[in-house]
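Q: Okay, here's the structure, questions in a sec.
Every read-out reported here was derived from the displayed coordinates using simple, explicitly stated rules and does not represent laboratory data. Given the structure is predicted, the values throughout are model-derived calculations rather than measurements. Glycine also receives a Cβ, built like all others from the backbone with ideal geometry; neighbour counts cover every protein chain displayed.
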């Protein structure tokens, strides 16, 4: 049965959805980043047999983990007044992670 007719998303579409949620997190204070991580956790079993998409799910989950790390660093650095510069650096890093992952997904390349 055609995936679009049955109303289900393919694993590749789920990967695109998560990249979109990660990209939106800049405007939503990270809420969509958390939602994307939850999608990764829920759908991970569906991509176990697809090494390409599984590598993207891992990349996305690692991006989430690093964002948590950087959020803690930003909170700890707040009293030092270094948050503006560090926030900019983290934003550029996120742009790279999301863009590089989406670029490779578009070209059907693994993240390994």
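Q: In the set (i) 5.7; (ii) 7.6; (iii) 14.4, which value of mean projected area of the Cα convex hull in nm² was calculated from the structure you see?
A: (ii)
Q: For 80, 33, 41, what ranking results if the residue with the fewest other Cβ atoms within 10 Å of its Cβ goes first? Could you put the intermediate results ahead of the total?
A: Working: 80 8, 33 25, 41 12.
Fewest-to-most Cβ neighbours within 10 Å comes out as 80, 41, 33.
Q: Where a ≥ b ≥ c are the square roots of the eigenvalues of the C-alpha gyration tensor, would you call the stretch 52-103 rounded, which needs a/c under 1.5, or, failing that, prolate if a/b is larger than b/c, or oblate? List each step's numbers first, then the result.
A: Values: a/c = 7.10, a/b = 2.17, b/c = 3.27.
Cα axes put the stretch 52-103 in the oblate bin.
Q: As an exercise, use a Förster radius of 22 Å and the Cβ-Cβ distance of residue 100 and residue 34 to find the FRET efficiency, rounded to the nearest 0.05.
A: Working: r = 21 Å, r/R0 = 0.96.
Result of the calculation: an efficiency of 0.55.
Q: Then there is this: Using helices alone, what [θ] at 222 nm do you get for the chain, with -39,500 (n - 2.57) per DSSP H run of 4 or more residues, divided over all residues and rounded to the nearest 500? Intermediate values should be presented prior to the final figure.
A: Details: 5 runs with 82 residues, N = 112.
It comes out at -24500 deg cm²/dmol, rounded to the nearest 500.
Q: Measure off 7 Å from each Cα along the Cα-to-Cβ vector at residue 62 and residue 107, then give the distance between these two points in nanometres to one decimal.
A: Taking the simple label geometry, residue 62 and residue 107 are separated by 1.8 nm.
Q: Using only Cα atoms and rounding to the nearest 10 degrees, what angle (0 to 90) does helix 51-77 make with the longest principal axis of the chain?
A: That works out to roughly 20 degrees.
Q: Once both axes come from the Cα atoms, what is the angle between helix 11-24 and the longest principal axis of the chain, in degrees from 0 to 90, rounded to 10?
A: 20 degrees
Q: Given contacts defined as C-alpha pairs under 8 Å and at least six residues apart, what's the relative contact order of the chain, whole-number percent? Don't skip to the end; give the middle numbers.
A: Working: 83 pairs, mean separation 31.5, N = 112.
For the chain, the relative contact order is 28 percent.
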